[in-house]
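Please treat every number below as a calculation from the coordinates, not as lab data. None of the values given here were measured: they were computed from a predicted structure. Positions of Cβ are generated from backbone atoms using ideal geometry, with glycine treated the same way; all protein chains shown enter the neighbour counts.
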Amino acid sequence: MTQSKSRKAVVGVFAHPDDESFGPSGTIAKFAKTHDVYILCATKGEEGMGPKSNLGKIRAQELQNSARILGVKAVYFLGFLDGTLSNNLYHKLASKIEKKLKMLKPEIIITTEPNGVSGHIDHITVSMVTTFVFRKLPFAKTLMYYCIDERSAAKMKNYFIYFPPGYKRTQVDKIINTEKYWHLKKQAMMAHKSQVEDAKRVLARMENLPKEEYFSIKKK
Ligand SMILES: [Zn+2]
């Protein structure tokens with residue numbers, strides 16, 4: 001990964017380590033061929049473990065490993081705690097995202113669609129706040145909301161308490177063929193070793209679906 005001043009930047013903004021790989025990792029790997037790609041991650045995914053647990057440290061390292069596989073140049077953690085994102089942190093989160101984006105100056109920003117794909121409140125908060133920041137920054141021209149289609153969402157029904165319905169084809173603005181990057185997506189998902197059971201289960205569900213990723217696009 002050599003530094004190239006002529007390459008434009010793409011930044012993915014996510015709530016947890018693994019949102020990038022379980023999410024738009026094929027697209028991230030594809031962009032990494034032509035752009036400098038960076039990831040901002042709001043939390044270290046430490047939820048559910050006691051204060052002495054080092055799960056956050058483990059998961060942060062797993063994200064670094066996944067990012068390396070995908071060709072991402074750098075990962076920045078924003079220092080929030082898993083499961084705590086909400087309106088109360090709106091401006092704190094916005095200012096941290098804004099600061100990093102001003103430094104990286106991406107033309108394209110990727111985040112999860114407004115329902116957070118899986119309905120996770122952390123995802124919804126990150127999506128909302130990223131949209132707010134996107135509107136403020138003149139250099140950011142395109143916001144890509146990662147979404148899944150109805151077929152994929154139907155396969156996830158029992159995954160969470162509530163899993164929002166997927167996007168209809170008419171709601172999808174861009175389909176990116178990620179077949180060439182499927183092996184990297186799998187490797188990146190499996191790099192999250194602490195989540196390996198989830199990775200295996202999700203990969204089994206995805207195996208027979210088209211190797212493509214879906215986006216709803218906002219432009220300025
Ligand atoms: Zn997540």
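Expressed in nm to one decimal, what extension gain is obtained for the pair V196 and E179 from 0.36 nm per residue of sequence separation less their Cα-Cα distance? Extending this stretch completely gives an extra 3.9 nm. Over segment 93-171, all Cα pairs binned in 5 Å intervals from 0 give whole-percent P(r) values of 3, 16, 23, 21, 14, 11, 9, 3, 0, listed from short to long. Counting other Cβ atoms within 10 Å as a rough exposure proxy, the listed residues I97, I28, I124 run I124, I97, I28 from fewest neighbours to most.
Normalised by 2.2 N^0.38 Å, where N is the number of residues, the C-alpha radius of gyration of segment 1-118 stands at 1.05. Longest span of the chain, sites excluded, free of GluC sites (Glu not before Pro) in DSSP loop with at most 16 other C-beta atoms within 10 Å? Longest site-free region, per DSSP loop and neighbour criteria: 108-206. In a DSSP loop and with at most 16 other Cβ atoms within 10 Å, the chymotrypsin sites (Phe, Trp or Tyr not before Pro) in segment 137-220 are F139, Y159, F160, Y162. Taking one quarter of the surface of the convex hull spanned by the alpha-carbon atoms of the chain gives a direction-averaged projected area of 11.5 nm².
With only the Cα atoms considered, segment 136-220 has a convex hull volume of 145 Å³ per residue. Annotation: amide H of V10 within the under-5 Å range of D36, V37, Y38, sequence separation 5 or more or interchain, hydrogens built in the peptide plane. For F77, the residues whose modelled amide H falls within less than 5 Å of its own, excluding neighbours fewer than 5 places apart on the same chain, are C41. Computed across segment 53-106, the Kirkwood radius stands at 12.9 Å (inverse of mean 1/r, all Cα pairs). Going from the fewest other Cβ atoms within 10 Å to the most, the residues H91, H35 appear in the order H91, H35. Taking the DSSP bridge list for the chain and keeping only pairs wholly inside it, about 35 percent are antiparallel. Please identify the trypsin sites (Lys or Arg not before Pro) of segment 96-168 that satisfy two criteria: DSSP loop assignment and at most 16 other Cβ atoms within 10 Å. Which are they? For trypsin sites (Lys or Arg not before Pro) across segment 96-168 that sit outside H, G, I, E and B with at most 16 neighbouring Cβ atoms in 10 Å, the list reads K141, K157, K168. Short-range pairs are left out: with C-alpha atoms under 8 Å and at least six residues apart, the relative contact order of segment 97-220 is 29 percent. Helix content alone sets the calculated 222 nm mean residue ellipticity of the chain: runs of n ≥ 4 DSSP H residues at -39500 (n - 2.57) each, divided across all residues, give -11500 deg cm²/dmol.
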